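Student: First the structure, which I've put down as structure tokens, then a few questions once you've had a look.
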Amino acid sequence: MTPKTRERLALVALLHSAFEAIHPVMDHWAQRGEDARLKGLHGRQLVHADGTPATGEERRPTMTASACGRRAAARHVARYTLGQVAGTVAVTRALGYRVPPGALLAGAAINAATHFVIDRREPLLRLATAAGKGGYIAHCGVVRQDPESGEYRADQFGPGTAAFELDQSAHRFIGWIVAAGIALVAVPR
């Protein structure tokens, strides 16, 4: 095994372990509750910035549900990406390695773009259905009680659901691919 191969393998391992540690912190702890609730909104119906339906009688600004969902997903992904890049730079520098900024930023951009698409939910559901996971999604849902109204409602995306597990596994797999890609760019042959 050549020294470059060893360096590449070590960098993939370091980046992947950093991404694995940073991912749940940024995806759960750092994500705003409002963004988690709104990022999957779709449709042309008008809503306010907090996702409540617009009745036309209020004077608050409105937008389509899709625009509201995209804004929430973008806020979450921006915060997630900032944390991932900062954490990765901190750990690699602490261990004496400087990842070339271009390689790190390219990897972060790929991770951010795919994270946004997955978190918008409908693309993930289409992919899962095409992969034959429709039954898994239909079978593994949960029922949650609304804390304000006390009503029970089905939840297809939150913790404990198949969609949530597919979301997390897709993010983690993409993180591994990005780690390998960064290492290939950072340590040329």
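The values are calculated or read from the model by the stated rules, or taken from the named source; none is laboratory data. Only a predicted model underlies this, so the values are computations on that prediction, with no experimental measurement involved. Here Cβ is always computed from backbone atoms with ideal geometry, including for glycine, and neighbour counts include all displayed protein chains. Side chains included, ligands, DNA and RNA excluded: accessible areas come from the protein's heavy atoms. Shrake-Rupley method; radii C 1.70, N 1.55, O 1.52, S 1.80 Å.
Student: Can you tell me the orientation of helix 101-119 relative to the chain, as the angle in degrees between its alpha-carbon axis and the longest Cα principal axis, to the nearest 10?
Tutor: Approximately 30 degrees, to the nearest ten.
Student: Tell me the label only: which of [x] 8, 26, 28, 24, 12, 2, 0; [y] 9, 30, 30, 19, 9, 2, 0, 0; [z] 9, 40, 37, 13, 1, 0 is P(r) over Cα pairs in 10 Å bins from 0, in percent as calculated from this structure?
Tutor: Comparing each candidate, only [y] matches the computed number.
Student: Round to the nearest 10 and report in Å² the accessible area of residue 173, as given by a 1.4 Å probe over the protein chains' heavy atoms.
Tutor: 120 Å²
Student: Counting other Cβ atoms within 10 Å, which GluC sites (Glu not before Pro) in the stretch 103-178 have at most 16 and lie in a DSSP loop?
Tutor: Answer in residue order: 148, 151.
Student: Say we join alpha carbon atoms closer than 10 Å with springs in a Gaussian network model of the chain; which of 88, 55, 114 then has the biggest fluctuation?
Tutor: The residue with the greatest mean-square fluctuation here is 55.
Student: What shape does the stretch 7-80 have by the C-alpha gyration tensor, where a ≥ b ≥ c are the square roots of the eigenvalues, rounded means a/c under 1.5, and otherwise prolate means a/b greater than b/c and oblate the rest?
Tutor: prolate
Student: Please give, to one decimal in nm, the separation of the simple spin-label points placed at residue 29 and residue 1, each 7 Å out from Cα toward the Cβ.
Tutor: It works out to 3.1 nm between the two label points.
Student: What nm distance separates the two modelled labels at residue 185 and residue 146, each placed 7 Å from Cα along Cα→Cβ?
Tutor: For the pair residue 185/residue 146, the computed spacing is 4.5 nm.
Student: Given the options 54, 124, 33, identify the residue whose Cα lies farthest towards the positive end of the charge dipole of the chain (+1 on Cβ of Lys, Arg; -1 on Cβ of Asp, Glu).
Tutor: It is 124.
Student: Taking square-rooted eigenvalues a ≥ b ≥ c of the alpha carbon gyration tensor, is the stretch 40-145 rounded, prolate or oblate, where a/c under 1.5 means rounded and, failing that, a/b exceeding b/c means prolate?
Tutor: oblate
Student: Once you've got the GNM for the chain with C-alpha springs shorter than 10 Å, pick whichever of 94, 78, 162 has the biggest mean-square fluctuation.
Tutor: Of 94, 78, 162, the Gaussian network model singles out 94 as fluctuating most.
Student: Return the single residue from 156, 45, 84 with maximal mean-square fluctuation; model: Gaussian network over the chain, springs between Cα atoms under 10 Å.
Tutor: 45
Student: Residue 106 to residue 131: extension gain in nm, 0.36 nm per residue of separation minus the Cα-Cα distance?
Tutor: 6.2 nm is the gain from fully extending residue 106 to residue 131.
Student: For Cα pairs less than 8 Å apart in space and 6+ apart in sequence, what is the mean separation divided by the residue count of the chain, i.e. the relative contact order in percent? The partial results should precede the final answer.
Tutor: Values: 220 pairs, mean separation 48.0, N = 189.
Worked out over the chain, it gives 25 percent.
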